[in-house]
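Have a look at the structure below, then the notes.
The values are calculated or read from the model by the stated rules, or taken from the named source; none is laboratory data. Quick caveat, the model's predicted, so the values are computed rather than measured. A quick note on method: Cβ atoms are made from the backbone with ideal geometry, for glycine too, and the neighbour counts reach across all protein chains shown.
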Amino acid sequence: MLSKNQARIFFLVGTILFSGVFFYMSYDTIANHKDKQTNAQNITAEVIEGKHLFDNYNCMGCHTIMGEGAYYAPELTKVYDRRGPEWIKIFLDDPQAMFPGERKMTDYNFTDKEKEHLIAFFKWIGEMDLNGFPAEPDKANFVASNSASDNNLERDLPAKWALCIACHSVGGSGGQVGPALDGVGSKFDEVFLAKWISDPQTIKKDSKMPKLPLTSVEQNEIVEYLTTLK
């Protein structure tokens with residue numbers, strides 16, 4: 001057992017030692033790692049404006065970013081990686097349209113420029129080296145268990161497919177807001193699928209699926225892929 005004097009010395013030495021380690025590590029991080037890990041060279045005017053918007057609208061009142069904020073809404077550190085710029089832009093246009101009856105996010109009526117600034121901010125945040133935080137999302141190929149994978153469709157997926165799997169799933173992977181798309185190619189022909197994708201409300205007035213900003217080429221690519229899901 002330590003005497004009182006020994007315990008006092010042990011406490012003081014330990015406090016001084018580990019305080020020194022803490023201050024050294026803090027200095028080393030700021031002096032040698034901060035700019036590199038945060039990609040400071042990529043902080044553009046758009047990123048700065050996006051940060052101002054994020055703060056001015058008190059986004060952290062509902063969301064967390066880099067581990068700080070509220071836990072009411074999804075974590076946003078890797079949202080650019082998870083969703084992509086197109087999905088984020090459409091979501092900001094009308095938060096309720098993507099998740100009807102679920103999302104409570106206010107529609108702030110962002111201008112196109114403001115949306116671009118927020119996306120630039122999320123992209124910069126997502127590219128930081130945060131030592132593995134947050135954990136990488138499961139990016140297992142969502143068509144791996146689908147019979148269509150036999151045709152090597154993984155390499156031919158439409159560029160805007162990320163918008164579809166935000167709400168729908170294929171092979172068990174993807175969103176759960178809309179119905180799974182497995183077998184959709186056996187249920188509907190190309191004409192129906194093209195009409196549905198171009199304007200869902202013309203087929204079903206109460207459809208919750210938003211009208212996506214797709215070019216005719218992108219729409220055709222998605223229809224072509226959907227017809228293979230049998």
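May I ask you to list the residues in the stretch 31-47 that are outside any loop (DSSP other than H, G, I, E, B) and in contact (Cβ under 8 Å) with a residue 60 or more places away in the chain?
Restricting attention to the stretch 31-47, the residues satisfying the condition of being outside any loop (DSSP other than H, G, I, E, B) are 31-38, 40-42, 45-47.
Correct list: Lys36, Gln37, Thr38, Asn42, Glu46, Val47.
With respect to the conditions (1) closer than 24 Å to Lys113 by Cβ; (2) touching a Phe, Trp or Tyr at 6+ places or on another chain (Cβ under 9 Å); (3) not aromatic (Phe, Trp, Tyr), Asn56 falls short on a single one, namely (2).
Each row is one residue, and each column tells you yes or no for (1) at pLDDT 90 or above; (2) surrounded by 15 or more Cβ atoms within 10 Å (Cβ to Cβ).
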site: His168; (1), (2): no, yes
site: Ser173; (1), (2): no, yes
site: Gly178; (1), (2): no, yes
site: Gly185; (1), (2): yes, yes
site: Phe192; (1), (2): yes, no
site: Trp196; (1), (2): yes, yes
site: Pro200; (1), (2): no, yes
site: Asp206; (1), (2): no, no
site: Pro213; (1), (2): no, no
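Matching residues to (1) among the aliphatic types (A, V, I, L, M); (2) under 13 Å from the mean Cα position of the chain (by Cα); (3) modelled with pLDDT of 95 or more; (4) under 21 Å from Ala135 (Cα atoms):
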site	(1), (2), (3), (4)
Ala31	yes, no, no, no
Glu75	no, yes, no, yes
Tyr80	no, yes, no, yes
Thr106	no, no, no, no
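Annotation: Trp196 fulfils all but one of (1) assigned to a loop (DSSP other than H, G, I, E, B); (2) within 22 Å of Lys230 (Cβ to Cβ); the unmet one is (1).
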